[in-house]
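The values are calculated or read from the model by the stated rules, or taken from the named source; none is laboratory data. Just so we're clear, the structure is a prediction, and the values are computed from it rather than from any experiment. A quick note on method: Cβ atoms are made from the backbone with ideal geometry, for glycine too, and the neighbour counts reach across all protein chains shown. Just the protein is used for accessible areas: all its heavy atoms, side chains included, with ligands, DNA and RNA removed. Shrake-Rupley method; radii C 1.70, N 1.55, O 1.52, S 1.80 Å.
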Amino acid sequence: MMYCFSSSSSSFNLSLSLLPSNKINTKACRDHRCITRRTRAAHGSMEFFGKLSFLSSQTLTVHGKVERNVAFATLLDNENPTMTSSQDETENIAIMGLDPGLEGFKDHLKYRTQKYVEQKNLIENFEGSLEDFAQGYLKFGFNRGQDCIVYREWAPAAQEAQLIGDFNGWDGFKHQMEKDQFGVWTLKIPNSGGTPAIPHNSRVKFRFRHGDGTWVDRIPAWIKYATVDPTKFAAAYDGVYWDPTPPERYEFKYPRPPKPMSPRIYEAHVGMSSSEPCINSYREFADNVLPRIQANNYNTVQLMAVMEHSYYASFGYHVTNFFAVSSRSGTPEDLKYLIDKAHSLGLRVLMDVVHSHASNNVTDGLNGFDVGQSAQESYFHAGDRGYHKLWDSRLFNYANWEVLRFLLSNLRWWLEEFKFDGFRFDGVTSMLYHHHGINMAFTGDYNEYFSESTDVDAVVYLMLANLVIHKILPDATVIAEDVSGMPALGRLVSEGGIGFDYRLAMAIPDKWIDYVMNKKDEEWSMNDIVLTLTNRRYTEKCISYAESHDQSIVGDKTIAFSLMDKEMYSGMSCLTDASPTVERGVALHKMIHFITMALGGDGYLIFMGNEFLNAFNRAINSLDDRFSFLSSTKQIVSSSNEEEKIIVFERGDLVFVFNFHPENSYDGYKIGCDLPGKYRVALDSDAWEFGGHGRVAHDVDHFTSPEGIPGVPETNFNGRPNSFKVLSPPRTCVVYYKVEEDLDDGYGEDFTGILDPVTGAVALEENSDKSASSQEDVGPTPEDMEFQMGDESDD
């Protein structure tokens, strides 16, 4: 069957197989955007990240490495490649060497790459460079010129246009604008008495007449700040001319922190972060919440709801003003203070950016510029293609020149003006496909990713966006929220990938929802848990999480509430023993979050409030600080025992033992490991400090025994050349590290290696299970670790 890839400027025919029509069911409805409760992997849809092979011992064995095609990489990175060379070089796309399964879709990949190169060339030829193109905010919106303010707006459907506001008594007769052949309206307003004619922090709007003769007032598309009168019910927002002078203008004082090997992300909503019944401010969040995030050893903060959104209950996902900070929490200068404060604490700050759609609000938002004109003269597609029926929002026309300028400039604006360190791109699945993921159950069949359903214009935009971001800020962290598992989403643009640094491992939280809500403890499958946590494309990095804002605040329950519900109010007193429900809930809460972190990806995310047990969360983050296991590509599952309910795996040179059995304790339990020597406890979820029972001794040395013939896995124990024995109580997880005998750590005989729950430092013990702090590092360095899941030298 012949298919035609959709594009606004051209089409390309090629033969593809048709996906059976019965492979459908759920994903697309994000529960913060529609009433229906979200259903993903656990409720009929499955996220698939690629093929992993497991030996009978459940050892993860993934191999492979490919050299980058230098000529192709040069083509995609080159500022001015010729079209002839681009046609030649798209024959060799590096990602196909990484994944032989892509070979059958070479024509599709060539087509989208050609589209990307063509678009990039056009921008460079007519705008100078992609980076210059992404500085549209220096031309559009309000900018200070010499002795004047210059205001520009792209509104090709307008027949007449004026600027109105407090500065002219909302009478635009004397401030008529002029239109050029590209639909750009311009107005120069001379200074008055040596000062700008428009006062700082005064209200402004763009007034225009469209084809039917109607005049409408709209907030300027590139406005930097927008506010609403809180004393008036359902009042419309006003644009605000924001141009502060010292001392009101905030000046950054601190440099960006270096990019961590693995992000440990604390996701937060500033407005909801107060303990008081009020909308919290940027400055209060900076002063009161950021220090707590730092104390718990996270290295990255991800902020929701930064872009202005008139509907607060959208949690920031129905954006009305893309260049404006949410005014409910303060001014642009207040947000700068927050980010600078985070940098001073060593925290990087990511922004949850929404370029997948825009609010349907015509009064306050970008949709107000759409008055029924064609897609070529609008930010959005016309008709059904321009409307998301589940989200009730407008969809961008990513092939439009001014839309590309607007969105790419938006990214640069947040990076440069506010010093964000990267982005989490929301709703990427909706962008990638014309069907937006609606009624799609992605199974991993590559025909689902590369067909006429793929929105190539959106793919090209995302490639350009990632290229711009990393050119402006090479150390940026960019994360994609994609449930489909699109191959090469997390590979470099220069390889033919889409260019994200990480993708969210979205199947994991749905699996935990299914287990916690629908399965008895004895029904929990260790193999299924392992498969869900490790089922990802080994050449593309993932951020794992057990729960984010999706699960916590938009119609669902947190894991803690799902496990314990009302018992938290009656069975969790410090004055009495915990109830059985609370006992179970606390234990599983620690295990679920920790195994997700340790086995589920290359970074970790948690939403504010879900840390629940501060000491334990501080300790697991500190464990990664000291041993860098998240960044290690050595990840080996040596045992996944259904009857015993035990999972044993190695990450880096740490050995993790998870016992999910509700009752059984195993003394002298034999576990496999890679390196011979002496092992000690590095972290114990059953420690008293973490609400446990202190059943595992921390002052015991565990010596290994050789297993079988070195280098012959089938003769080893669970495929591992060495083993040692441990105590594994029910519903606990314990981590062991190898003691370096020749390391003079200065701790003496009392050193046990347990992490202090308060400081996160390796601690001392004096013949007890209690620990005291120490700052020495006895763990292996990342360079010492054996990499067994593929080496990404580019990253």
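Summary of computed values
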quantity: Top-ranked residue in the range 558-585 [being closer than 14 Å to residue 611 by Cα and out of contact with any Leu (no Cβ under 7 Å at 6 or more places or on another chain); ranked as most open to solvent (accessible area, probe 1.4 Å)]; calculated: 561
quantity: For residue 496: the one exception among (1) on the phi < 0 side of the Ramachandran plot; (2) in contact with a Ser or Thr (Cβ under 9 Å, 6 or more places away or on another chain); calculated: (1)
quantity: Count - residues of the range 313-332 that are closer than 26 Å to residue 243 by Cα, outside any loop (DSSP other than H, G, I, E, B) and either at pLDDT below 95 or touching a helix residue (DSSP H, G or I) at 6+ places or on another chain (Cβ under 9 Å) (or both); calculated: 8
quantity: Residues located in the range 186-217, provided they are part of a loop (DSSP other than H, G, I, E, B) and under 20 Å from residue 377 (Cα atoms); calculated: 210, 211, 212, 213, 214
quantity: Flag for residue 546 being at negative phi, out of contact with any Pro (no Cβ under 9 Å at 6 or more places or on another chain), open to solvent by less than 10 Å² (accessible area, probe 1.4 Å) and touching a residue at least 24 places away in the same chain (Cβ under 8 Å); calculated: no
quantity: When residues of the range 218-249 are limited to those that are assigned to a loop (DSSP other than H, G, I, E, B) and charged (D, E, K, R), the one most open to solvent (accessible area, probe 1.4 Å); calculated: 232
quantity: Set 667, 684, 625: member being of a type outside the set (Phe, Trp, Tyr) and either crowded, with 22+ Cβ neighbours inside 10 Å or in contact with a His (Cβ under 6 Å, 6 or more places away or on another chain) (or both); calculated: 684
quantity: Criterion violated by residue 283 - all others in (1) open to solvent by 70 Å² or more (accessible area, probe 1.4 Å); (2) in a loop (DSSP other than H, G, I, E, B) satisfied; calculated: (2)
quantity: Test: residue in the range 346-355 that is without any contact (Cβ under 8 Å) to a residue 60 or more places away in the chain and out of contact with any His (no Cβ under 9 Å at 6 or more places or on another chain); calculated: no
quantity: The range 144-171, subset polar (S, T, N, Q) and over 24 Å from residue 378 (Cβ atoms), residue nearest to the chain's Cα centre (by Cα); calculated: 146
quantity: Looking only at the range 403-424, and only at residues there that are open to solvent by 10 Å² or more (accessible area, probe 1.4 Å) and assigned to a helix (DSSP H, G or I), the one that is farthest from residue 123 (Cα to Cα); calculated: 417
quantity: Odd one out for residue 469, checked against (1) touching a residue at least 60 places away in the same chain (Cβ under 8 Å); (2) in contact with a Leu (Cβ under 8 Å, 6 or more places away or on another chain); (3) β-branched (Val, Ile, Thr); (4) part of a helix (DSSP H, G or I); calculated: (1)
quantity: Any hit, the range 181-194, residues being open to solvent by less than 30 Å² (accessible area, probe 1.4 Å), of a type in the set (Ser, Thr, Tyr) and within 42 Å of the chain's Cα centre (by Cα); calculated: no
quantity: Qualifying positions in the range 364-377 - modelled with pLDDT under 95 and either part of a loop (DSSP other than H, G, I, E, B) or in contact with a helix residue (DSSP H, G or I) (Cβ under 8 Å, 6 or more places away or on another chain) (or both); calculated: 370, 371, 372, 373, 374, 375
quantity: Number of the exception - residue 712 against (1) touching a residue at least 24 places away in the same chain (Cβ under 8 Å); (2) open to solvent by less than 60 Å² (accessible area, probe 1.4 Å); (3) under 21 Å from residue 635 (Cα atoms); calculated: (1)
quantity: The range 485-501, residues that are under 8 Å from residue 540 (Cβ atoms), open to solvent by 10 Å² or more (accessible area, probe 1.4 Å) and not basic (Lys, Arg); calculated: 490
quantity: Residue satisfying all of: in the range 478-503; closer than 17 Å to residue 605 by Cα and assigned to a loop (DSSP other than H, G, I, E, B); nearest to the chain's Cα centre (by Cα) among these; calculated: 481
quantity: Inter-residue pairs, beta-carbon under 6 Å, first surrounded by 12 or more Cβ atoms within 10 Å (Cβ to Cβ) and in the range 514-527, second among the hydrophobic types (A, V, I, L, M, F, W, C) and in a loop (DSSP other than H, G, I, E, B), 6+ apart; calculated: 515/524; 524/660
quantity: Of residues in the range 199-217 being over 16 Å from residue 324 (Cβ atoms) and in contact with a strand residue (DSSP E or B) (Cβ under 8 Å, 6 or more places away or on another chain), the one most open to solvent (accessible area, probe 1.4 Å); calculated: 215
quantity: Qualifying positions in the range 311-321 - crowded, with 23+ Cβ neighbours inside 10 Å and either touching a Gly at 6+ places or on another chain (Cβ under 7 Å) or not aliphatic (A, V, I, L, M) (or both); calculated: 316, 317, 318, 320, 321
quantity: Output for the range 594-614, where each listed residue is at pLDDT 95 or above and open to solvent by 10 Å² or more (accessible area, probe 1.4 Å); calculated: 602
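One line per residue, one yes/no per condition, for (1) open to solvent by less than 30 Å² (accessible area, probe 1.4 Å); (2) over 25 Å from residue 432 (Cα atoms):
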{"position": "328", "(1), (2)": "no, yes"}
{"position": "332", "(1), (2)": "yes, yes"}
{"position": "343", "(1), (2)": "yes, yes"}
{"position": "350", "(1), (2)": "yes, no"}
{"position": "354", "(1), (2)": "yes, no"}
{"position": "357", "(1), (2)": "yes, no"}
{"position": "371", "(1), (2)": "no, yes"}
{"position": "376", "(1), (2)": "no, no"}
{"position": "389", "(1), (2)": "no, no"}
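Every residue, every condition in (1) open to solvent by less than 10 Å² (accessible area, probe 1.4 Å); (2) in contact with a strand residue (DSSP E or B) (Cβ under 6 Å, 6 or more places away or on another chain), yes or no:
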{"position": "251", "(1), (2)": "no, no"}
{"position": "257", "(1), (2)": "no, yes"}
{"position": "266", "(1), (2)": "no, yes"}
{"position": "269", "(1), (2)": "yes, yes"}
{"position": "279", "(1), (2)": "no, no"}
{"position": "288", "(1), (2)": "no, no"}
{"position": "291", "(1), (2)": "no, no"}
